[in-house]
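**Student:** Dropping a structure here in structure tokens format, bear with me for questions.
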Amino acid sequence: MVYNVDLVQEQIRIAAGEKLAIPSDMRMRGHSIECRINAEDPVTYSPSPGTIDFLVFPGGHGIRVDSAAYQGWRIPPITIRS
């Protein structure tokens, strides 16, 4: 984000056999923060299924949120296959 390069787009381009399209005169601007929230028990770190009762994402100019979560989503219990 701070270099104004979409890394996911570049990964897709490379996977498709195209060349990396990053300019040689890149300049860093601003700040970038990554946050990951997991549905885990804080003591055992085991998966913790349940419903997301309240969820508000940040917004505004330059704010990017990549998520599959939404308010009301029921996080399913993990299924162990043998």
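The values are calculated or read from the model by the stated rules, or taken from the named source; none is laboratory data. Only a predicted model underlies this, so the values are computations on that prediction, with no experimental measurement involved. Heads up, the Cβs are rebuilt from the backbone with ideal geometry, glycines too, and the neighbour counts pull from every protein chain shown. Protein only, heavy atoms only, side chains kept; ligands, DNA and RNA dropped before computing areas. Shrake-Rupley method; radii C 1.70, N 1.55, O 1.52, S 1.80 Å.
**Student:** Of the residues 6, 53, which single one is on the phi < 0 side of the Ramachandran plot and at pLDDT below 90?
**Tutor:** Answer to the selection: 6.
Okay, residues lined up against (1) exposed (fewer than 10 other Cβ atoms within 10 Å of the Cβ); (2) touching an Asp or Glu at 6+ places or on another chain (Cβ under 7 Å); (3) not in a strand (DSSP E or B):
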position	(1), (2), (3)
11	no, no, yes
20	yes, yes, yes
27	yes, no, yes
33	yes, no, yes
60	yes, no, yes
66	yes, no, yes
69	no, no, yes
80	yes, no, yes
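**Student:** Quick check on residue 45: is it among the hydroxyl-bearing types (Ser, Thr, Tyr), modelled with pLDDT of 90 or more and open to solvent by 90 Å² or more (accessible area, probe 1.4 Å)?
**Tutor:** Against the criterion (among the hydroxyl-bearing types (Ser, Thr, Tyr), modelled with pLDDT of 90 or more and open to solvent by 90 Å² or more (accessible area, probe 1.4 Å)), residue 45 does not qualify.
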